[in-house]
Amino acid sequence: MSDDTPTVVPTMRYNDAPVALEWLVRVLGFARYLVIEGKHGLIDHAQLRHGPGMIMLASARDDDFGRLVQPPINRDMIGTQSVYLIVADTDAHYAHAVAQGAEIVSPISSPEHGGRFYSCRDPEGHLWGIGSYDPWDESAVAGNG
């Protein structure tokens, strides 16, 4: 592993992982990296890339990990975490997401800490924050520590 390899990879479970995977590719711009299909239309394991970042997902099921991690019970519930996706052009990404029918829960804005930002929910209710603020950009965080 090189020093610039991301070492945090969000992992999620979905009731309908094939539909979620297609939505993540079509709406948020992820690319398939690895998809292992299981029996009965399930996804045993998938890895999707967005730039140098990656997420992993699978179909919800009753296994050791599934007893610890499940999709949201309903789309409107309050989550305990979200995924932040860095994009070059937040306004264009927002327009695309809206055109694709994404459920926008925080309209596009310009937060005080910089960049542009909006948030949406995926088809099963996972919360996604999308913005141009790059926490890896040292000039953006200089003097804030």
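The values are calculated or read from the model by the stated rules, or taken from the named source; none is laboratory data. Bear in mind the structure is a predicted one, so any value in this text is a computation, not a measurement. When we count neighbours, we look across all protein chains shown, and the Cβ atoms used for this are built from the backbone with ideal geometry, even at glycine. Please note that ligands, DNA and RNA were not included when accessible areas were found on the heavy atoms of the full protein model with its side chains. Shrake-Rupley method; radii C 1.70, N 1.55, O 1.52, S 1.80 Å.
Laid out as a table, the results:
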| read-out | value |
| --- | --- |
| Test for residue 115: is it within 15 Å of residue 129 (Cα to Cα), in contact with a Gly (Cβ under 7 Å, 6 or more places away or on another chain), part of a loop (DSSP other than H, G, I, E, B) and among the small types (Gly, Ala, Ser) | yes |
| Counted residues, region 75-104 - those being in a strand (DSSP E or B) and more than 20 Å from residue 16 (Cβ to Cβ) | 4 |
| Qualifying residue in region 41-48 (condition: on the phi > 0 side of the Ramachandran plot, modelled with pLDDT under 95 and not in a strand (DSSP E or B)) | yes |
| Any hit, region 112-124, residues being at pLDDT 90 or above and over 16 Å from the mean Cα position of the chain (by Cα) | yes |
| Set 141, 69: member being closer than 22 Å to residue 18 by Cβ and at pLDDT below 95 | 69 |
| Filter result for residue 27 (assigned to a helix (DSSP H, G or I) and modelled with pLDDT of 95 or more) | yes |
| Within region 37-88, tally of residues that are free of Cβ contacts under 8 Å to residues at least 12 places away in the same chain and open to solvent by less than 50 Å² (accessible area, probe 1.4 Å) | 1 |
